[in-house]
Amino acid sequence: MGYRQTQVAGQVRQEVMEIIQHDLKDPRIGFVSITEVRMSPDFRSARVMVSVLGTPDEQQASLKGLISAKGLIRHELGRRLSNLKSSPEIHFELDPSIEYSVHISKRLREVLPPPEDGSGG
């Protein structure tokens, strides 16, 4: 990704997070965090990777809520990002990386010996 794409992706990430936190009232949308935004080279579309805290059912419900709010989010982005000719089409995707790292951490705790407490006892 080029410098401008990275800059715009950062702006989109910040604004979409703000919109999700303050403007969306959908009860399906739980605790969502945006892990990454990837802009297309022409800035017409953005892949927004989200991590959702909760069960797989809660994650799917949150994703459906975000997808149904795409129009509102895109409209708000258009208002807020004056440096773009048009507001990008948004594609939400679940990012399993945080969940995966929690899973690996849990597995490591199961197989590795507990750390020494350092008391020398």
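Annotations for the structure displayed:
- Here the Karplus curve 6.51 cos²θ - 1.76 cosθ + 1.60, taken at θ = phi - 60°, turns the phi angles of the stretch 24-31 into couplings of 8, 10, 5, x, 6, 7, x, 7 Hz, with x standing for Gly and Pro.
- Of all DSSP beta bridges in the stretch 3-111, antiparallel share, percent nearest 5: 55
- Sorted by Cβ neighbour density within 10 Å, fewest at the top, the residues PHE43, PHE31, PHE92: PHE31, PHE43, PHE92
- Backbone amide hydrogens, once placed in the peptide plane, bring VAL50 within less than 5 Å of THR35, GLU93, LEU94, ASP95, excluding anything fewer than 5 places away on its chain.
- Coarse-grained scattering of the chain at q = 0.23 Å⁻¹, given as base-10 log I(q)/I(0) from a Debye sum over alpha-carbon atoms: -1.31
- Taking a Cβ cut-off of under 10 Å around SER40, the surrounding Lys, Arg, Asp and Glu residues balance to a net charge of +1, with basic ones at +1 and acidic ones at -1.
- In percent, rounded to a whole number, the relative contact order of the chain is 25, using alpha-carbon pairs under 8 Å and six or more apart.
- Summing charges over neighbours of GLN59, with a neighbour being any other residue whose Cβ is under 15 Å away from its Cβ, gives -4 when K and R count +1 and D and E count -1.
- Net charge of the neighbourhood of HIS103, taken over other residues with C-beta under 13 Å away and scored Lys/Arg +1, Asp/Glu -1, is +1.
Each reported figure results from applying straightforward, stated rules to the coordinates on display, with no laboratory input. In this text, all values refer to a predicted model and were calculated from it rather than measured experimentally. Cβ coordinates were reconstructed from backbone atoms using ideal geometry, including for glycine residues, and neighbour counts include every protein chain displayed.
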